[in-house]
Amino acid sequence: MSAKPIQTVKGWPVLGSIMHYKRDALSLFLNAARDLGDVSAIMMGPTRVVLVNSPQHVAEILQDRTDAFGRSPSYRELELLLGAGMLTTEGAQWKAQRAQAQPAFQKKQLTSMIPTIREKIDQVVGEWMPAGQTGLRRRDLFADMLDMSMRITLRTLFGQVHELAHRKMITALEDGSRYVIQRLEGIVNLPPHWPTPSAKEFWKNRAVLDASVLDIIRQYQRGTQPPNLLGMVLEGDGPQDEENIKNQLLTLFITSYETVATGMTWVFHFLSQHPRWYQAVVEELERYDELGYDDIFSLTTTNAVIHESLRLMPPIWSFSRTAKRDVTIDGYPIAAGTMVVVSPYCLQRHPSHWDDPDTFNPARWTAGSSTSKRVSAFLPFGTGPRICVGMNYAMMLLPLILKGACRRGTFSLDSAHPVRIKAGVTIRPVGGLMGHWTSHERLLEQKGIAT
Ligand code: HEM
C-alpha cells in the first residue's frame, strides 16, 4: 500500500506556525484537525509535529504500540520542574514508581480521605463567603480554585502544612512553571543550566520546592504528620530512597494542583452560563447531607456536567509522544524522532464523533447516545498504561468541591470582564475568571423569603 500523504498547516518560512501557536494554540490545532483530516502536520519553527485525531489512531499510539512511542522532549522540559517522577520517567523506573503510587488511589484509600477533603473545602469556601455575610462577593474564581486545589493537595498529600510554607510553595511553583512554559514554547532553548537570569531564578524556585517537599517527608518520618498520601506511598512497595520519594511527591503535587483547579474553573464557568443545569446540579446535591464515595460516582446530573466540561475544556488539552523508530499508522508514515501530538481538546470536539460538538450539552452523557462511541473519543485523562493515576481522585474531588460551594451560594460571571483563554500546559483563563458569589441567604432575601 502506498503511504498516505500528511498535509501540513500553512505557516511562515522558518517560523512555521509558532507565532499562531503562541497567540492561540487551541485554534491552530483545532483548525488543523478540522481542515486537514485526522492526521495533519504543524511546523513549530524547524520541528514538524504530527497531530493525530481519531480514536483508532490515538489508541494505537497510547495503548497498542507503546513500544514504538516514547516520552517526547516536552516531558524533559517538564522534568526540570517535576523531577524524575512518574509523569516523565520510562521503562523500569516508571513501572516501579507507578506500582508504588497506584495503591494510594484505590477506593479504600480515597474513601478515607473524604472527611479531610470536605473539611478543607468547607474552610476555604467559608473564607470566600463568610457565614452571615449576605452581600455579593466579587472574586476571581480561578485564583480561588488554585488556592483551594493547592490547600486540598497539600493536606491530602502531605498532611498539615504550615500556611507560610504553603504560600512559599505556590510562589515557587507559579514562577517555576512560567519558565518551563517559555521553554516549551521556545524554538531553540539554551541548556537549562546555562546561567541566564531566568534560569538562575528558576533553579532558586526549584530549590524552594525541593526543600519544602524534603522538609515534609522528614516531618512525616519523625511521626508528626497525620496519615496522608505520602504515608501511603512510603508504605507501598518500591524504591524508598529520599530522592525517589521527593520526585514522586513533587510530581503528584504539581500534576494534581493545576489540573483540578482549571477543571473546576471551567465547570463553574459553564454552570454560570447555563442556569438550568446549575439549578439541576444544586437540586441533585441538596439530596445529600454529605457525599460518600459511592454517592459521588452515582450523581447523574453532576457527573454529566463535569464530563461535558472536561470534554469542551480538558485541562490537559494536548500531550505528546516521540516515534522511537519509523512506523506507519493506518498508512500514514511517521519517521523516527517525529513528535506526535494527541489533543483531547480536538478529539473531544470532533464532528464525526460528537453531535453539535462545540455546544455545551450535558444531556449527551445521560441520554441514550452510544457509550462506546463517546468513550473512545473522550480522553481528558489520557488512556493506556500511562492513563492519569489520579483520575478517580480528581473525579471524586470535583463533585466534593461543587457540593461545598453550592451549599453556600451561587457563582455568576462578571459580564464586564471578558473571559480570555490561554492554552499552556493547561487551559487557563487569562487575567482570571471574575464573578460574584451570591449567598443562599441573599438569594432567599431577593425572593422575599425570610431565613
Ligand atoms: C481534572 C484533573 C486531571 C486531568 C484532566 C489530568 C489529566 C492527565 C492526563 C491527560 C495524563 C496523561 C498524560 C500522558 O499520557 O502523557 C495524566 C497523567 C498523570 N496524572 Fe493526571 N490529570 C488530572 C488530575 C490528576 C491528579 C489529581 C493527580 C495526582 C494526585 C494526577 C497525576 C498524574 C500523574 C502522576 C500522571 C502520569 C501517569 C503516568 O505517566 O503513569 N493527575 N493526567
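The values are calculated or read from the model by the stated rules, or taken from the named source; none is laboratory data. These numbers come from a predicted model, not from an experiment. Quick reminder, even Gly has a Cβ in these numbers, built from the backbone with ideal geometry, and neighbours come from all protein chains shown. Only protein heavy atoms, including side chains, enter the accessible area calculation; ligands, DNA and RNA are left aside. Shrake-Rupley method; radii C 1.70, N 1.55, O 1.52, S 1.80 Å.
Every residue, every condition in (1) among the β-branched types (Val, Ile, Thr); (2) surrounded by 21 or more Cβ atoms within 10 Å (Cβ to Cβ); (3) under 28 Å from Leu379 (Cβ atoms), yes or no:
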site	(1), (2), (3)
Ala59	no, no, yes
Asp64	no, no, yes
Phe69	no, yes, yes
Ser72	no, no, yes
Lys108	no, no, yes
Ser112	no, no, no
Asp147	no, no, no
Arg155	no, yes, no
Here's a check for you: in the stretch 265-277, which residue that is in a helix (DSSP H, G or I) and surrounded by fewer than 20 Cβ atoms within 10 Å (Cβ to Cβ) is nearest to the ligand (Cβ to nearest atom)? Phe270
Tabulated pairs, the stretch 284-307, first touching a residue at least 60 places away in the same chain (Cβ under 8 Å), second of a type in the set (Gly, Ala, Ser), C-beta under 6 angstrom, 6+ apart or interchain: Thr301/Ala280
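Output the residues belonging to the stretch 235-264 that are acidic (Asp, Glu) and either buried (at least 24 other Cβ atoms within 10 Å of the Cβ) or near the ligand (Cβ under 10 Å from one of its atoms) (or both).
So in the stretch 235-264, the residues acidic (Asp, Glu) come out as 235, 237, 241-243, 258.
Hit for the stretch 235-264 is Glu258, nothing else.
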Restricting the search to the stretch 117-135, which residues are assigned to a loop (DSSP other than H, G, I, E, B) and surrounded by 14 or more Cβ atoms within 10 Å (Cβ to Cβ)? Met129, Thr134
Would the stretch 196-207 turn up any residue that is under 26 Å from Leu397 (Cα atoms) and either exposed (fewer than 14 other Cβ atoms within 10 Å of the Cβ) or out of contact with any strand residue (DSSP E or B) (no Cβ under 8 Å at 6 or more places or on another chain) (or both)? no
Checking the condition more than 21 Å from Cys346 (Cβ to Cβ), in contact with a strand residue (DSSP E or B) (Cβ under 7 Å, 6 or more places away or on another chain), open to solvent by 10 Å² or more (accessible area, probe 1.4 Å) and modelled with pLDDT of 90 or more, which residue from Glu79, Glu90 passes? Glu90
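If I ask for residues that are closer than 22 Å to Tyr345 by Cβ and among the acidic types (Asp, Glu), which ones from the stretch 49-76 would you list?
Going through the stretch 49-76, the residues closer than 22 Å to Tyr345 by Cβ turn out to be 49-63, 69, 71-75.
The one that is closer than 22 Å to Tyr345 by Cβ and among the acidic types (Asp, Glu): Glu60.
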Scan of the stretch 229-264 for residues that are in a helix (DSSP H, G or I) and of a type in the set (Gly, Ala, Ser), ordered by number: Gly231, Ser256, Ala261, Gly263
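Inspect all residues belonging to the stretch 98-116 and state whether any of them is assigned to a helix (DSSP H, G or I), closer than 30 Å to Asp330 by Cβ and within 14 Å of the ligand (Cβ to nearest atom).
In the first step, residues of the stretch 98-116 are kept if they are assigned to a helix (DSSP H, G or I); the result is 98-105, 107-116.
Going one step further and asking which of them are closer than 30 Å to Asp330 by Cβ, we end up with 98.
Those still in the list that are within 14 Å of the ligand (Cβ to nearest atom) too: 98.
Yes, because at least one residue in the stretch 98-116 is assigned to a helix (DSSP H, G or I), closer than 30 Å to Asp330 by Cβ and within 14 Å of the ligand (Cβ to nearest atom).
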Selection within the stretch 362-401 - of a type in the set (S, T, N, Q) and either at pLDDT 95 or above or within 12 Å of the ligand (Cβ to nearest atom) (or both): Thr383, Asn392
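If you go through the stretch 345-358 one residue at a time, do you hit one that is of a type in the set (A, V, I, L, M), part of a helix (DSSP H, G or I), within 16 Å of the ligand (Cβ to nearest atom) and crowded, with 20+ Cβ neighbours inside 10 Å? Full working, then the answer.
Here is the first cut: in the stretch 345-358, the ones of a type in the set (A, V, I, L, M) are 347.
With part of a helix (DSSP H, G or I) added as a condition, the list becomes 347.
Filter once more, keeping what is within 16 Å of the ligand (Cβ to nearest atom): 347.
The next check asks that each one be crowded, with 20+ Cβ neighbours inside 10 Å; those that pass are 347.
Within the stretch 345-358, one or more residues are of a type in the set (A, V, I, L, M), part of a helix (DSSP H, G or I), within 16 Å of the ligand (Cβ to nearest atom) and crowded, with 20+ Cβ neighbours inside 10 Å.
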Ala377 is checked against (1) closer than 24 Å to Asn31 by Cα; (2) under 19 Å from the mean Cα position of the chain (by Cα); (3) exposed (fewer than 12 other Cβ atoms within 10 Å of the Cβ) and fails just one. What number does that condition carry? (3)
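Being in contact with a Ser or Thr (Cβ under 9 Å, 6 or more places away or on another chain), surrounded by fewer than 19 Cβ atoms within 10 Å (Cβ to Cβ) and touching a residue at least 40 places away in the same chain (Cβ under 8 Å): is that true of Ile187 here?
Values: in contact with a Ser or Thr (Cβ under 9 Å, 6 or more places away or on another chain): yes; surrounded by fewer than 19 Cβ atoms within 10 Å (Cβ to Cβ): yes; touching a residue at least 40 places away in the same chain (Cβ under 8 Å): yes.
Answer is yes for this residue.
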What residue, of Leu214, Leu230, is under 23 Å from the mean Cα position of the chain (by Cα), open to solvent by less than 60 Å² (accessible area, probe 1.4 Å) and aliphatic (A, V, I, L, M)? Leu230
